[in-house]
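Right, one structure below, let's go through it.
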Amino acid sequence: MANEQDEVAADLEATLLTSAAQQAISPNDELHVLNDAVPQMPSYVTKDLSSIGVCIPCIIRLSGIERHHYSFSLSVPIVGSDKKAIDDDIDRNICCLCLGILQFSYIDDKGNFVKCKGVDDLAVSISEMVKKEGHQIDSFSLEVSIPSIILENEKLVWLYLKRKYGSEHWFQGKPPPISLSAKDALKICITKPLETLLDCKSSSSGLRIRLTYSHPKASNSNGSSNKRHQDSCKMRKIAGNDETLDISKFSANSVADNCFNPSQEVELSRCFEFPQEKINEPCHLALICYRTSIYLIGRYIKYSRNVSQTRWVIGDERMGEASVEEILGNNILPLCRGDSYKFHAAGREDLDVRMLGSGRPFLVEIQNARLLPSEMIVNEIESKINGSKNKLIGVRNLKVVGSEGWAFVQEGEAEKQKQYAALVWTSRPLEDDDLLSISSLKDLKILQRTPIRVLHRRSPLEREKIIHWMRIEKVAESSQYYLLHLCTQAGTYIKEFVHGDLGRTHPSMGSILSCRAEILQLDVTDIKMDGHLAE
């Protein structure tokens with residue numbers, strides 16, 4: 001029964017406000033409508049608030065209305081909502097509490113003053129911006145950011161009401177300061193029209209519509225507007241207490257925090273009169289629409305020994321004919337219609353090292369994608385890369401995942417094993433006993449100091465790594481060339497393990513065989529991982 005009464009009251013409130021919004025109404029008529037809508041607040045209080053520049057939506061919020069009752073018309077009437085006020089830039093009648101946000105007035109990105117006739121007008125402007133961006137829209141999430149000074153204003157106006165009407169029955173037990181924030185009130189107003197215009201529902205979507213309100217007064221909240229109050233109230237003793245209150249040290253947030261301290265609210269209400277000055281300019285509104293990053297994972301195979309993993313330029317000279325990063329990104333980005341991309345891989349190989357076998361796991365992050373790639377589009381991307389004439393790289397197991405794919409690719413290198421095949425030259429022919437001694441070594445621990453070839457860009461550290469197993473295969477018609485197959489802990493420097501790096505890696509193939517060993521070519525043949533990218 002109580003719920004039915006609440007619904008009837010909310011419907012009545014919506015009807016009253018809607019009827020007022022559909023015609024040009026005078027301030028007196030507005031107050032009449034308002035008194036019917038919020039009977040819990042005396043008419044002289046609503047008139048008082050209106051006289052100091054508080055708009056009707058904010059008066060409704062000040063009445064202590066609950067969120068589910070704030071379902072008034074999306075064409076909510078605003079103070080000065082008649083045609084003359086809308087057309088007249090001089091008489092803007094900006095609310096001193098919400099700074100025009102709930103009046104749907106704002107300064108746009110070109111510096112023009114905009115005063116919408118209602119929430120529908122604002123919703124149309126937002127929907128046009130979203131559609132202009134060209135996003136695929138299946139749902140959206142509405143984000144609103146407002147200046148902190150509005151919170152300060154809300155708490156100061158509560159002090160104003162408490163000081164003036166605190167002894168009256170209607171004010172007794174009223175929780176400070178306002179149960180419904182300006183941000184939430186705007187969301188309630190604008191969500192339904194946006195759902196209608198965009199033909200989808202509001203939810204926790206990856207497509208974000210963000211309204212960012214800012215106001216010049218917010219940056220000066222500690223400055224000249226409060227200075228004259230601070231000069232007269234800078235050092236005061238709190239009544240009944242020897243503690244000294246230094247108002248000059250209060251910021252907007254500290255005022256808001258301290259206004260509910262019974263020992264300080266009296267002094268604060270005297271020093272920070274509300275309203276402090278007439279508001280002549282509404283908030284500046286920045287509208288943006290963006291999609292949170294989407295992620296595609298897969299494995300790439302690199303067939304060329306002249307392709308770097310990421311774009312590599314030294315001075316003005318490009319190293320290698322292409323990069324895995326650019327080939328993948330330039331094929332994925334256009335089909336997702338994103339702004340940019342970031343490439344991440346589970347480890348890396350040198351420019352002259354091929355990545356064979358099942359491939360190296362990678363992730364491409366597409367920022368602000370306007371099109372969510374379907375399975376068909378993903379297959380098209382994979383086919384396009386694999387069908388390239390120059391056949392520099394290939395890709396497999398390409399799929400769209402959530403952000404957990406990024407976390408997986410970034411997991412510790414030590415948790416993976418890698419397998420290699422290396423073409424090795426030795427200074428002497430190897431005997432069968434040499435081959436057996438190598439293959440008998442299991443989980444061999446080696447110490448590697450940072451290699452000389454990367455010492456200019458890596459910290460000079462000593463790392464312990466594990467060679468899990470090795471085997472040597474003879475190359476036909478050669479006595480000093482061999483194929484070395486080995487499985488190592490991720491992060492092992494294979495080239496240095498073979499030749500010893502002037503003793504910086506120990507033991508090495510050369511020291512184990514008691515001869516000189518050089519590596520001529522190297523391929524990564526497998527990367528052992530679990531999870532999304534496992535075989």
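Odds and ends about this structure:
Results for (1) outside the structural domain of residue 375 (by the TED database); (2) touching a residue at least 24 places away in the same chain (Cβ under 8 Å); (3) under 21 Å from residue 379 (Cβ atoms), shown as yes or no for each residue.
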| position | (1), (2), (3) |
| --- | --- |
| 278 | yes, yes, no |
| 282 | yes, yes, no |
| 301 | no, yes, yes |
| 312 | no, yes, no |
| 325 | no, no, no |
| 344 | no, yes, no |
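- The residues of region 417-470 that are in a strand (DSSP E or B) and exposed (fewer than 13 other Cβ atoms within 10 Å of the Cβ), listed by number, are 445, 447, 462, 464.
- Between 269, 254, the distinction of being open to solvent by 10 Å² or more (accessible area, probe 1.4 Å), modelled with pLDDT under 90, of a type outside the set (Phe, Trp, Tyr) and touching a Phe, Trp or Tyr at 6+ places or on another chain (Cβ under 8 Å) belongs to 269 only.
- No other residue among 427, 479, 459, 403 is polar (S, T, N, Q) and without any contact (Cβ under 8 Å) to a residue 40 or more places away in the chain apart from 459.
- Verdict on residue 481 being within 43 Å of the chain's Cα centre (by Cα) and among the aromatic types (Phe, Trp, Tyr): no
- One residue from 464, 473 being over 24 Å from residue 306 (Cα atoms) and under 40 Å from the mean Cα position of the chain (by Cα): 464
- Flag for residue 443 being touching a helix residue (DSSP H, G or I) at 6+ places or on another chain (Cβ under 8 Å) and acidic (Asp, Glu): no
- Region 372-400, subset among the charged types (D, E, K, R) and touching a residue at least 12 places away in the same chain (Cβ under 8 Å), residue most open to solvent (accessible area, probe 1.4 Å): 384
- Filter result for residue 154 (assigned by the TED database to the domain that holds residue 108, in a helix (DSSP H, G or I) and under 29 Å from residue 339 (Cα atoms)): no
- Scanning region 485-509 for residues that are in a helix (DSSP H, G or I) and in contact (Cβ under 8 Å) with a residue 24 or more places away in the chain, we see that the one that is surrounded by the fewest Cβ atoms within 10 Å (Cβ to Cβ) is 495.
- Considering residues of region 282-300 that are under 19 Å from residue 361 (Cβ atoms) and touching a helix residue (DSSP H, G or I) at 6+ places or on another chain (Cβ under 9 Å) only, the residue surrounded by the fewest Cβ atoms within 10 Å (Cβ to Cβ): 293
- Among the residues of region 108-141, the ones that are hydrophobic (A, V, I, L, M, F, W, C), out of contact with any Leu (no Cβ under 7 Å at 6 or more places or on another chain) and either open to solvent by less than 30 Å² (accessible area, probe 1.4 Å) or not assigned by the TED database to the domain that holds residue 280 (or both) come to 1 in all.
- Within region 307-341, the only residue that satisfies the criterion of being on the phi > 0 side of the Ramachandran plot and in contact with a Lys or Arg (Cβ under 6 Å, 6 or more places away or on another chain) is 337.
- Condition check for residue 94: surrounded by 20 or more Cβ atoms within 10 Å (Cβ to Cβ), at pLDDT 85 or above, assigned to a loop (DSSP other than H, G, I, E, B) and in contact with a helix residue (DSSP H, G or I) (Cβ under 9 Å, 6 or more places away or on another chain): yes
- Being in contact with a strand residue (DSSP E or B) (Cβ under 9 Å, 6 or more places away or on another chain), on the phi < 0 side of the Ramachandran plot, modelled with pLDDT of 95 or more and buried (at least 18 other Cβ atoms within 10 Å of the Cβ) is not true of residue 521.
The values are calculated or read from the model by the stated rules, or taken from the named source; none is laboratory data. Keep in mind it's a predicted model, so treat the numbers as computed, not measured. Cβ coordinates were reconstructed from backbone atoms using ideal geometry, including for glycine residues, and neighbour counts include every protein chain displayed. Note: accessible area is taken over every heavy atom of the protein model, side chains too, but ligands, DNA and RNA are not part of it. Shrake-Rupley method; radii C 1.70, N 1.55, O 1.52, S 1.80 Å.
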